Structures are given as structure tokens and as C-alpha cells.
Amino acid sequence: MTLLAATGLLREARILAAPGVEVVAGGGDRARLEAELDRLAPGATGLISIGIAGALAPGLRPGDWVVATAVIDSAARFETDAAWAARLRAALPGAATGPVLGADMMVAEAAAKTALHRGTSALAVDMESHVAARVARRHGLPFAVARVVSDAADRTLPPAARVGMRPDGGMDLPAVLRALLAAPLQLPALIRTGWEAEQAFRALLRGHGRLGRSLAATVADLDPA
């Protein structure tokens, strides 16, 4: 039996890899992520969506943690496991707590982030949590969400940052370079975005160390009787 972890990027997956944990990087491909999680779910004891996210709530900065009470998407609301969420909060002091939004597309514009926060009260947005929530509900698995902010709500991502993810979750450097060549003036914003993302990755690494290999799931979730 394993714990399932859904994330977006291969770099996140490498940080989260541990014995007894199966990490799936979605790479922005919702259908592939859902199919892979569905395939693995029958042998899992729980499912957590964990990795980086964009802030929707003002005041959240790169490196801040968000532990979700629920996941919202365009069609439904999925509550997270209260006991698991409490363990995540205990292991991640200072984490913000509230709903997060799942989106099929990257939310890159500051104005869109503001509108989504007003409309949903969600603290952050990512592209995996709603997919993981649906799979967890279908298979009756405990479900949790812990996300690190990589871009603040008032930050609009430059075009080159929006094309940097391959469908397998890897980095698409040629696409980034093409976008940068097409609009060189975005370079300062791209450097700033990269630095803020690096803060988020470092926070994810530190948080993973505090959560342990079980990602705050119970020991029984990882060790079959």
C-alpha cells in the first residue's frame, strides 16, 4: 500500500519522492493526471495534492504554505480530511488555512487572481488539486492539500513563464527562450518570477523535511497491517 501525491512539476516530484509514496507530476495535462491517479488509487491509502501554487488572497507571499480545508472547481466543492489537515498545520507553523481553487488552465494575470478570490474566497490556485479531489472521492480515499505560494496575488506572470512546463512536468527551456526572444523586455519580470519560484521550491523542500516521508498521513496509512 502506498500514499499517492499529486503535483505539477518533475522538480516537485523529485523533492517529494520517498519510500511508500507514489508521486505523479501532472505537467498541466489534466486528463493524463486523472488517468494515472485513477490507475494507482486502488493500491493507495490516501491522496495528497502538494507542490507550488499561485496566491489568490492578498498578503500571501512566495514561500508561504496553504493547507486547504476544501477544494473548489467550476462544478463542485470537495472537503479535505480534517484530521490530516490538522496534522499538516501542526507540521507547517504559520500555514494559511482555507479553500483552494483547482483550475484547468494557469491563472497568470493579477486581475484574474483578484476576481477569483472575490468570487470564491479561495486562498490559492493550482492545476492538480481538483483532479486529485475527484479521484479521491471516486475511490473513497482520505484527501489533503498542502501548497506553497510561488507567485503573489498581485503578480502577473510574464509570457515566457507561462510556457515553461512540458506535458510531462519537465522544464520546456526552448519554449521559454522563444517567448523571451519574441519579447525581450520581459526579461526582468522573468528573472523575478524565477527567483520567487525558487523561494517556493526551497520552502517545499523544508516543509517536506518537517512533514516526513508520510506527508503527515498516519503511520498506518503507509504501513499495512
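Right, residue 127: more than 12 Å from residue 55 (Cα to Cα) and crowded, with 21+ Cβ neighbours inside 10 Å or not?
Yes: the conditions hold for residue 127.
Are any of the residues in segment 177-200 at pLDDT 90 or above and touching a Phe, Trp or Tyr at 6+ places or on another chain (Cβ under 9 Å)?
No, every residue in segment 177-200 fails to be at pLDDT 90 or above and touching a Phe, Trp or Tyr at 6+ places or on another chain (Cβ under 9 Å).
Within segment 73-126, which residues are in contact with a Lys or Arg (Cβ under 8 Å, 6 or more places away or on another chain) and closer than 12 Å to residue 147 by Cα?
92, 95, 97, 99, 100, 124, 125, 126
Name the single residue that is surrounded by the most Cβ atoms within 10 Å (Cβ to Cβ) among those in segment 164-177 being in contact (Cβ under 8 Å) with a residue 12 or more places away in the chain and not aliphatic (A, V, I, L, M).
169
Out of the residues in segment 62-73 meeting the condition of being out of contact with any Leu (no Cβ under 6 Å at 6 or more places or on another chain) and over 12 Å from residue 97 (Cβ atoms), tell me which one is modelled with the lowest pLDDT.
Going through segment 62-73, the residues out of contact with any Leu (no Cβ under 6 Å at 6 or more places or on another chain) turn out to be 62-64, 68-71, 73.
Imposing the further condition that a residue be over 12 Å from residue 97 (Cβ atoms) reduces the set to 62-63, 71, 73.
Numbers: 62: 97, 63: 97, 71: 98, 73: 93.
It comes out as 73.
Picking from 33, 37, 47, 56, which residue would you name as being buried (at least 19 other Cβ atoms within 10 Å of the Cβ), farther than 23 Å from residue 216 by Cα, in contact (Cβ under 8 Å) with a residue 12 or more places away in the chain and not small (Gly, Ala, Ser)?
Among 33, 37, 47, 56, only 56 is buried (at least 19 other Cβ atoms within 10 Å of the Cβ), farther than 23 Å from residue 216 by Cα, in contact (Cβ under 8 Å) with a residue 12 or more places away in the chain and not small (Gly, Ala, Ser).
Among the residues of segment 112-140 satisfying the criterion of being assigned to a helix (DSSP H, G or I) and among the charged types (D, E, K, R), which is farthest from residue 62 (Cα to Cα)? Walk me through it before giving the result.
Of the residues in segment 112-140, the ones assigned to a helix (DSSP H, G or I) are 112-120, 129-139.
From what's left, among the charged types (D, E, K, R): 113, 118, 134, 137-138.
Values: 113: 15, 118: 21, 134: 27, 137: 30, 138: 33 Å.
Per the stated criteria, the residue is 138.
Just checking, which of 76, 96, 17 is modelled with pLDDT of 95 or more and not hydroxyl-bearing (Ser, Thr, Tyr)?
Matching residue, one of 76, 96, 17: 96.
The values are calculated or read from the model by the stated rules, or taken from the named source; none is laboratory data. Source: prediction; values computed, not measured. Reconstructed Cβ throughout: ideal geometry from the backbone, glycine too, with neighbour counts over all protein chains shown.
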